[in-house]
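Structure first, commentary second.
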Amino acid sequence: MKDVTVAILAGGQGRRLHGLDKGLIPILGSSLVERILRTLPEGPKLIIANRNLCAYRDLGVPVVNDPWPDFRGPLAGVLAALRTAITPWVHIIPCDAVILPDDLLFRLTTRAGLGLRAVYAASGGQGHYLCCLLHRSLEADLAAALDNGERAPRRWLASIGAQPVDFSDVQPEPLWSVNSPADMAHACARLSRGS
């Protein structure tokens with residue numbers, strides 16, 4: 001795992017959560033980003049953020065901004081991670097992925113080790129495109145895609161031949177994202193009962 005930098009994407013506008021900075025939303029006394037940081041293995045880490053930078057820096061992890069000030073979406077954060085990391089691989093995690101499989105990175109790196117430059121998590125036939133592992137050599141490709149107006153992680157990953165890694169067998173089911181107040185209440189309930 002020493003060849004992997006984990007980058008937490010926390011640079012969104014939180015539109016579906018009334019503009020809140022999603023990564024700093026507290027659940028049971030800890031922010032979403034703090035919860036993710038506690039689950040990560042030893043190794044280099046980054047937080048990609050565009051506001052409340054001091055609060056993120058207080059977590060003791062390097063903080064990086066998107067390359068552009070106009071919120072071009074999560075792919076801009078991915079590009080910031082690829083440009084900043086010094087390891088060959090970058091493991092992207094969105095800040096609202098509050099319950100992830102314990103073996104997420106292991107399974108992604110195992111699949112990528114079969115000659116791939118990009119893999120992403122999937123379950124139940126649905127891609128979780130921002131839970132992915134990318135080789136840093138994809139930086140130029142992603143920069144060009146963003147310059148050409150691409151904003152959808154799904155389309156970009158398809159264009160580079162990224163392959164899914166199925167996590168449908170994981171129980172209890174991970175919480176790959178929290179996008180609404182109802183999702184937040186559900187996440188809080190699950191975390192409080194430890195499942």
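Please give the per residue accessible area of the range 47-195, computed with a probe of 1.4 Å over protein heavy atoms only, in Å². Working shown, then result.
On the way: 6850 Å² over 149 residues.
Per residue, the range 47-195 has an accessible area of 46 Å².
Rounded if a/c is under 1.5, else prolate if a/b beats b/c, else oblate: with a ≥ b ≥ c from the C-alpha gyration tensor eigenvalues square-rooted, which is the chain? Intermediate results must be reported in sequence, preceding the final value.
Details: a/c = 1.44, a/b = 1.15, b/c = 1.25.
Rounded shape, in that the Cα axes give a/c under 1.5.
How large is the dipole of the chain about the Cα centre if only Lys and Arg carry +1 and Asp and Glu carry -1, each at its Cβ, rounded to the nearest 20 debye? Could the numbers behind the result be given before it?
Working: 20 positive and 18 negative charges, 33 e Å.
About 160 debye.
Return the carbon/sulfur percentage of the accessible area of the range 34-190, one whole number, probe 1.4 Å, all protein chains in place. List each step's numbers first, then the result.
On the way: 3790 of 7270 Å².
In the range 34-190, the share of accessible area belonging to carbon and sulfur is 52 percent.
Please list 3J(HN,Hα) in residue order for the range 153-160, calculated via the Karplus relation 6.51 cos²θ - 1.76 cosθ + 1.60 where θ = phi - 60°; whole Hz, with x for glycine and proline.
x, 4, 5, 5, 4, 5, 5, 9
Farthest toward the dipole's positive end in the chain, which of Ala158, Ala97, Ser123, given Cβ charges of +1 (Lys, Arg) and -1 (Asp, Glu) about the Cα centre?
Checked the options; the winner is Ala97.
Val119's amide H: which non-local residues (gap 5+, or another chain) put their own amide H closer than 5 Å, with H modeled 1.01 Å from N in plane and none for Pro or chain starts?
Those lying under 5 Å, H to H, from Val119 are Leu133, Gln163.
What whole number of Å gives the distance from the Cα centroid of the range 34-49 to the Cα centroid of the range 151-195?
Centre-to-centre distance over Cα atoms comes out at 17 Å.
Looking at the square roots a ≥ b ≥ c of the eigenvalues of the Cα gyration tensor of the range 111-164, which shape do they give, rounded for a/c under 1.5, prolate if a/b is larger than b/c, or oblate? If you can, show how the numbers build up before the last one.
Working: a/c = 2.55, a/b = 1.30, b/c = 1.96.
Verdict is oblate for the range 111-164.
On full extension of the chain, what length is gained from Ala143 through Leu175, given 0.36 nm per residue of separation minus the C-alpha to C-alpha distance? Don't skip to the end; give the middle numbers.
Values: separation 32, 0.36 × 32 = 11.52 nm, distance 2.94 nm.
Full extension from Ala143 to Leu175 adds 8.6 nm.
The values are calculated or read from the model by the stated rules, or taken from the named source; none is laboratory data. Just so you know, these numbers come straight off a predicted model, no measurement behind them. Note: ideal-geometry Cβ built from the backbone for every residue, glycine included; neighbour counts use all protein chains shown. Protein only, heavy atoms only, side chains kept; ligands, DNA and RNA dropped before computing areas. Shrake-Rupley method; radii C 1.70, N 1.55, O 1.52, S 1.80 Å.
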